[in-house]
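Here's the structure, in structure tokens; my notes come after.
The values are calculated or read from the model by the stated rules, or taken from the named source; none is laboratory data. Just so it is clear, the model here is predicted, and its values are computed rather than measured. Note: ideal-geometry Cβ built from the backbone for every residue, glycine included; neighbour counts use all protein chains shown. What goes into the accessible areas is simple: the full protein's heavy atoms, side chains included, and nothing from ligands, DNA or RNA. Shrake-Rupley method; radii C 1.70, N 1.55, O 1.52, S 1.80 Å.
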Amino acid sequence: MLLLRPPGVYRPQDDTELLSEAFTRVTLPSGARVLDVGTGTGALALAAARAGAREVVAVDVSRRALAAAWINARLRGLPVRVHRTDVATVPPSGPFDLVLANPPYVPWSGSGSASRRWDAGDDGRAVIDPLCAAIPGLLSERGCFLLVQSSLSGVDPTLTTLADAGLKTSIVARRPVPFGPVLRGRARYLEQRGLIADGQREEELVVIRADRTERTG
């Protein structure tokens, strides 16, 4: 699917594809409301609208990303609303039956160039942690959360945080991928931090699913 992508907007790639594949295995209820966090070009929001969601809200902190998502949705006649916000601090009005998220997750606190499209602090969890904390307040009674992240930013802490909030968690997709340009440029830093072995140039992408059940508070 060809999408408008202005400079500075995250390009859909392996993580987007893996999350999209996991999304196809979710059954949306009738009249579903879907939230796409960190929408970028709107690729996942468009997929949710195509799947029959009654309402899709695409959020991002980037005005360029929201403009791209809005245009991409309008060109296809899909019902996607865009909203500029940080979900962790000013969450949109829920509840949502499905929340999709492809947040920044690259560990980086070094000097030089950084980008909010992918860099996420010393351990790669600067966005993931507050997002996971906000998720229980966003999900409907039987709501589902799908998050894609790298193994470099700690999969177990994500599972633990969501499980501690009373959500049923599982890993529903994995994919090893070679480092792209960003991680190749961060490789020495990651080696020094002990986040990768010397010479390692591959990461594992993981999709985590968290479901609210009837017993969830």
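Below is a table of values for the structure above.
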| item | result |
| --- | --- |
| Share of carbon and sulfur in the accessible heavy-atom surface of the range 34-94 [1.4 Å probe, %] | 55 percent |
| Length added when fully stretched, residue 115-residue 90, from 0.36 nm per residue minus Cα-Cα | 6.8 nm |
| With every protein chain in place, the range 138-217: carbon and sulfur % of accessible area (1.4 Å) | 45 percent |
| Accessible heavy-atom area order of 70, 118, 108, highest first, probe of 1.4 Å | 70, 118, 108 |
| Neighbourhood net charge (9 Å Cβ-Cβ; Lys/Arg +1, Asp/Glu -1) for residue 170 | +1 |
| Test item: Cα-centred dipole of the chain, Lys/Arg +1 and Asp/Glu -1 on Cβ, debye | 780 debye |
| Per residue value of the accessible surface for the range 154-195 (all protein chains in place, 1.4 Å probe), Å² | 55 Å² |
| Sparsely packed trypsin sites (Lys or Arg not before Pro) within the range 27-112, loop by DSSP, other Cβ within 10 Å at most 16 | 54, 76 |
| Surface accessible to a 1.4 Å probe, per residue, for the residues of the range 1-127, Å² | 47 Å² |
| Local electrostatic count, residue 2, Cβ distance below 14 Å [Lys/Arg +1, Asp/Glu -1] | +3 |
